[in-house]
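A.B. asks: Sharing a structure, written as structure tokens. Questions coming.
Every number in this text was worked out from the coordinates using simple rules, so none of it is lab data. If you're wondering where the values come from, they're calculated on a predicted model, not measured in any experiment. Neighbour counts run over all protein chains shown; Cβ positions are idealised from the backbone, glycine included.
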């Protein structure tokens, strides 16, 4: 299994990789998830319980899928702010987010360009495993949420069934790098990095405990496709 970049250079290494594949990111997501990533994102937005007028921050928005789905839920009186550090990804997202209640901002998940207690909902999808300091990023999400604000994190996790886990590992470390690299003609190794980052991300229970340590409450998660992906849901206390 490929090792992850050291923390002190992880940010620049990850940004270089994602810049390399930005044009093919959505295509590969669809191919490699067999199209399921769209439903996972819709489910994440659904459990967020968005209401008309909510102000939403989509952290690590990438090309903007979650932001687009969220925008439909909050209506014209709400606001969706898509935040991502990668300029190439954000440029694609900007073309998709052109309504008056939508905006794209370049920003770091560990230093969010938002005021304290300024949003009712934080969404983040397939982002946290790519940051250098997960606790710092979660702390920033906690900071910008209003009291009783909701945070939903969509992230790869650990399949619950042992045999399924072995099959998934074979797919992740053998087929995924081959297909992803071929489609994107990538030379940065991003499709070897991605399964390694998934393997080293805290599994469902460990991540739930981390959320509790940050200060979130009413913590739960919903497994998707046997735990390949988990949707974590929590609240900032009043």
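A.B. asks: May I ask for the distance between the Cα centers of the range 179-237 and the range 52-124, given as a whole number of Å?
C.D. replies: 20 Å
A.B. asks: In addition: Would you mind checking the tilt of helix 204-214 against the longest principal axis of the Cα atoms of the chain, expressed as 0 to 90 degrees and rounded to 10?
C.D. replies: That works out to roughly 40 degrees.
A.B. asks: Starting from the Cα-Cα distance between residue 170 and residue 213, subtract it from 0.36 nm times their residue separation and give me the gain in nm to one decimal.
C.D. replies: 12.2 nm
A.B. asks: Would you mind calculating the gained length between residue 27 and residue 222 on full extension (0.36 nm times residue separation, minus the Cα-Cα distance), in nm to one decimal?
C.D. replies: Answer, rounded to one decimal: 67.7 nm.
A.B. asks: Given only helices, namely DSSP H runs of n ≥ 4 each adding -39500 (n - 2.57), what is the per-residue ellipticity at 222 nm of the chain, to the nearest 500 deg cm²/dmol?
C.D. replies: -13500 deg cm²/dmol
A.B. asks: Relative to 2.2 N^0.38 Å, what does the C-alpha radius of gyration of the chain come to as a ratio? Two decimals please.
C.D. replies: Cα-based Rg divided by the globular estimate yields 0.95.
A.B. asks: Moving to a separate point now. So if we plug the beta-carbon distance of residue 72 and residue 19 into 1/(1 + (r/R0)^6) with R0 = 35 Å, what FRET efficiency do we get, rounded to 0.05?
C.D. replies: Working from the Cβ atoms, E equals 0.75.
A.B. asks: Give the shape of the range 85-188 as rounded, prolate or oblate, defined through the alpha-carbon gyration tensor: a ≥ b ≥ c are the square roots of its eigenvalues, a/c under 1.5 means rounded, and otherwise the shape is prolate if a/b is larger than b/c and oblate if not.
C.D. replies: Oblate.
A.B. asks: Sort the following peptides by mean Cβ neighbour count (other Cβ atoms within 10 Å, averaged over residues), highest first: 63-69, 182-188.
C.D. replies: Top to bottom by mean Cβ count within 10 Å: 63-69, 182-188.
A.B. asks: Taking N as the number of residues in the range 30-74, what value does Rg over Cα atoms divided by 2.2 N^0.38 Å take?
C.D. replies: Ratio of Cα Rg to 2.2 N^0.38 Å: 1.18.
A.B. asks: Something else: Measure nothing but the geometry: give the 0 to 90° angle between the long axis through the Cα atoms of 87-96 and the longest principal axis through the Cα atoms of the chain, rounded to 10°.
C.D. replies: Computed tilt is about 60 degrees.
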